[in-house]
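Down below is the structure, laid out as structure tokens.
The values are calculated or read from the model by the stated rules, or taken from the named source; none is laboratory data. Keep in mind that what you see is a predicted model, and the values were worked out from it rather than measured.
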Amino acid sequence: MARSPSPPSRSAAAPVAADPPPSYEAALAELDTLVSGLESGQWPLDRLLDGYRRGAELLAYCREQLQAVEQQVQVLEADQLKPWKDA
């Protein structure tokens, strides 16, 4: 009976986190690190794929955070902010 291949091992120097980042800023920092690694050309193919997937997750997280802030700003503009008047 043939054995199924074992899953690829992760490099200890560049682990892929699956948890959501604690903040927008942390997501940007992790994304920046991933982009540098992807662009370096030094990662093996399986690590490149994992890094790309994580980058896509982080990008989606950042977009969601920005949309939420944009909605909050729109609410503030509609309810509280008034145009500047010349003094």
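At pLDDT 80 or above, among the acidic types (Asp, Glu) and under 15 Å from the mean Cα position of the chain (by Cα), is that true of residue 30? Yes: the conditions hold for residue 30.
For region 33-50, the count of residues that are assigned to a helix (DSSP H, G or I), aliphatic (A, V, I, L, M) and within 11 Å of the chain's Cα centre (by Cα) is nonzero.
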